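Participant: Below is the structure I would like to discuss, written out as structure tokens.
The values are calculated or read from the model by the stated rules, or taken from the named source; none is laboratory data. This structure is a prediction, so every number in the text was calculated from the model and none was measured. Neighbour counts are summed over all protein chains in view; Cβ atoms, including those assigned to glycine, are modelled from backbone coordinates with ideal geometry.
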Amino acid sequence: MAMKFNIQLTKAQQQLLVAAVLFVGGGGYAYIRYFWLPFSKRINEAKTKIEEVDRKIEKAQSQAARLDRLKKELEMLSQQAADAEKRLPKSKDIPAIIDTLSRLTRRYHVELRSFAPGAPAQKEFFTEIPYALNVSGSYHDIGRFFAAIASEERIFNVRNVSYTPGSVSASGVQLLNVVFTLVSYQYKG
């Protein structure tokens with residue numbers, strides 16, 4: 001059963017109803033047009049800006065993490081360069097070589113009889129600097145002396161080794177005269 005609504009309105013009531021509908025419709029339009037849409041637009045713009053700032057923050061954080069990693073890597077490479085500089089210096093530093101040889105000859109009881117720098121040989125990345133040396137000592141002392149040269153922090157090479165019998169020491173040990181070329185290296189960088 002269907003219900004029927006039969007409402008009888010007077011002309012004044014009909015006019016008031018139409019005016020109320022127009023007023024509510026106009027008010028709703030004005031609310032949407034002048035209040036809701038501008039605020040909605042500003043809210044969307046603010047959300048867009050926030051998202052953009054968030055992306056920039058994420059990018060900056062990833063770059064900061066990368067920067068920290070690069071700083072650590074640079075520090076490690078600088079340390080490696082300093083270590084390499086000790087092994088392959090950029091200067092001849094003859095006084096340091098003489099100090100090293102003097103220290104090693106005293107420690108291993110080897111007598112340094114002569115030390116003469118030779119002509120440098122240019123290579124692609126480094127220069128070889130030869131030194132003609134003449135030392136005297138027992139067989140074992142000279143062996144330990146050569147081993148100590150090989151284990152020095154700076155890179156040295158021993159070439160053209162020639163042994164000849166020398167005198168007998170006061171304790172009765174046969175001494176050897178050893179002539180060799182000690183080569184040190186200088187980095188060209």
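Participant: Please specify each residue of segment 104-128 satisfying the condition of being within 33 Å of the chain's Cα centre (by Cα) and not in a loop (DSSP other than H, G, I, E, B).
Facilitator: Once the filter is applied, which keeps residues that are within 33 Å of the chain's Cα centre (by Cα) and not in a loop (DSSP other than H, G, I, E, B), segment 104-128 yields A121, Q122, F126, T127, E128.
Participant: On the basis of being more than 29 Å from D83 (Cα to Cα), in the same structural domain as L101 (by TED's automatic domain parsing) and surrounded by 15 or more Cβ atoms within 10 Å (Cβ to Cβ), does V179 make the cut?
Facilitator: Taking the combined requirement at face value, the residue satisfies it.
Participant: Out of everything in segment 87-104 that is surrounded by 11 or more Cβ atoms within 10 Å (Cβ to Cβ) and at pLDDT below 80, what residue ends up being farthest from A119 (Cα to Cα)?
Facilitator: Among residues in segment 87-104 that are surrounded by 11 or more Cβ atoms within 10 Å (Cβ to Cβ) and at pLDDT below 80, the one farthest from A119 (Cα to Cα) is R87.
Participant: Mind listing whichever residues of segment 131-189 are outside any strand (DSSP E or B) and hydroxyl-bearing (S, T, Y)?
Facilitator: If the condition is that a residue be outside any strand (DSSP E or B) and hydroxyl-bearing (S, T, Y), then S138, Y139, S151, S169, S171 are the ones that fit.
Participant: Mind listing whichever residues of segment 105-124 are hydroxyl-bearing (S, T, Y) and buried (at least 17 other Cβ atoms within 10 Å of the Cβ)?
Facilitator: T105, Y108
Participant: Just the residues that are within 16 Å of V183 (Cβ to Cβ) and of a type in the set (V, I, T), please, taken from segment 87-143.
Facilitator: I94, I97, I98, T100, T127, I129, V135
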